[in-house]
Amino acid sequence: MRRKMAAGNWKMNGTSADLDEIDALGDAVPDPGCEIVICPPATLLHRMAARCDGGPVAVGGQTCHSAANGAHTGDVSAAMLVDAGATHVIVGHSERRQDHAETDAAVRAQTLAAWDAGLTAIVCVGETEAERDALNTLEIVGGQLAGSVPDAATGENLVIAYEPVWAIGTGRTPTLTDIGEVHDFIRTALERRFGEGVGRSVRILYGGSMKPGNAAEIGAVSNVDGGLVGGASLKAADFAEIVRALS
């Protein structure tokens with residue numbers, strides 16, 4: 001059985017005062033039924049990891065450079081994330097693909113760097129509204145999977161997050177049937193490429209405006225193994241409801 005995961009992406013939000021939300025989350029779900037990962041901005045990662053030490057919440061980065069070190073001003077390597085206390089890292093988020101022109105090849109290289117450092121990579125894939133309207137969703141998602149995920153995937157080092165780009169932060173969500181179609185497609189693609197054992201062990205998260213009010217019904221959809229949550233992960237009370245819905 002794949003254990004459900006609730007992954008929170010704080011994006012470019014949070015200062016020191018917001019670390020109290022992590023304490024509140026631990027108090028609200030001291031023995032969660034699903035795995036919890038919070039990915040704060042890099043400025044908070046080390047302090048958040050210290051607060052989470054020994055508790056139910058793991059910490060991850062929001063991206064990493066593909067190089068181990070070097071002249072890359074402003075970037076953070078996978079080894080630096082590990083040094084700060086991270087166990088996971090998000091790569092290929094649609095906002096990174098859009099704002100920083102990250103390609104599938106770049107995401108693949110970042111994933112390899114994450115694995116080399118011992119991190120679990122949460123690899124994001126998903127279509128834009130124009131691509132969905134053109135009925136190209138599965139073609140786009142399939143291409144991103146093939147190009148972004150390296151060959152050495154396992155259920156331990158890889159998590160896939162499906163994020164319909166047009167639903168992120170908008171309050172809009174695909175229908176449950178639409179979500180199930182894409183998640184089933186991803187599962188089949190993983191099994192064909194990596195074999196049934198690995199293909200069935202990789203968790204697939206849903207990442208488009210998951211909230212306390214819809215987490216349970218989305219989490220019950222075929223091959224949805226949890227959520228990659230944005231805004232609703234910033235407040236412990238909201239995220240705790242999602243954790244409980246997924247547990």
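Each reported figure results from applying straightforward, stated rules to the coordinates on display, with no laboratory input. Here the structure is a predicted model, which means the values were calculated and not measured. Cβ sites come from the backbone with ideal geometry, for glycine too, and all protein chains shown count toward neighbours.
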Could you list, in sequence order, all residues of region 58-88 that are in contact (Cβ under 8 Å) with a residue 40 or more places away in the chain, of a type in the set (A, V, I, L, M) and farther than 12 Å from residue 40 by Cβ?
67, 68, 78
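Scan 189, 216, 237, 161 and give me the residue that is surrounded by fewer than 24 Cβ atoms within 10 Å (Cβ to Cβ), in contact (Cβ under 8 Å) with a residue 60 or more places away in the chain and not in a loop (DSSP other than H, G, I, E, B). Working first, answer last.
Numbers: 189 fails: in contact (Cβ under 8 Å) with a residue 60 or more places away in the chain; 216 fails: in contact (Cβ under 8 Å) with a residue 60 or more places away in the chain; 161 fails: surrounded by fewer than 24 Cβ atoms within 10 Å (Cβ to Cβ).
Unique residue meeting the criteria: 237.
Out of 73, 120, which single residue is among the hydroxyl-bearing types (Ser, Thr, Tyr) and in contact with a His (Cβ under 9 Å, 6 or more places away or on another chain)? Reasoning before the result, please.
On the way: 73 fails: in contact with a His (Cβ under 9 Å, 6 or more places away or on another chain).
Matching residue, one of 73, 120: 120.
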Within region 1-36, the residues that are without any contact (Cβ under 8 Å) to a residue 60 or more places away in the chain and in contact with a strand residue (DSSP E or B) (Cβ under 8 Å, 6 or more places away or on another chain) are 26
Name the single residue, out of those in region 225-234 being of a type in the set (A, V, I, L, M) and not in a loop (DSSP other than H, G, I, E, B), that is surrounded by the fewest Cβ atoms within 10 Å (Cβ to Cβ).
232
What number of residues in region 140-178 are over 19 Å from residue 37 (Cα atoms), touching a strand residue (DSSP E or B) at 6+ places or on another chain (Cβ under 7 Å) and of a type in the set (A, V, I, L, M)?
3
Boolean, residue 187 is among the basic types (Lys, Arg) and touching a Leu at 6+ places or on another chain (Cβ under 9 Å):
no
State whether the residues of region 4-12 include one that is over 30 Å from residue 220 (Cβ atoms), in contact with a helix residue (DSSP H, G or I) (Cβ under 6 Å, 6 or more places away or on another chain), surrounded by fewer than 18 Cβ atoms within 10 Å (Cβ to Cβ) and not small (Gly, Ala, Ser).
no
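Take the residues in region 192-213 that are of a type in the set (Gly, Ala, Ser) and in a helix (DSSP H, G or I), then tell me which one is nearest to residue 36 (Cα to Cα). Reasoning before the result, please.
Of the residues in region 192-213, the ones of a type in the set (Gly, Ala, Ser) are 195, 197, 199, 201, 207-209, 213.
Subsequent filtering for residues that are in a helix (DSSP H, G or I) retains 197, 199, 201.
Working: 197: 24, 199: 22, 201: 18 Å.
It comes out as 201.
So, residue 222, is that one surrounded by fewer than 18 Cβ atoms within 10 Å (Cβ to Cβ), without any contact (Cβ under 8 Å) to a residue 60 or more places away in the chain, of a type in the set (Ser, Thr, Tyr) and in contact with a helix residue (DSSP H, G or I) (Cβ under 8 Å, 6 or more places away or on another chain) or not?
On the way: surrounded by fewer than 18 Cβ atoms within 10 Å (Cβ to Cβ): yes; without any contact (Cβ under 8 Å) to a residue 60 or more places away in the chain: yes; of a type in the set (Ser, Thr, Tyr): yes; in contact with a helix residue (DSSP H, G or I) (Cβ under 8 Å, 6 or more places away or on another chain): yes.
Answer is yes for this residue.
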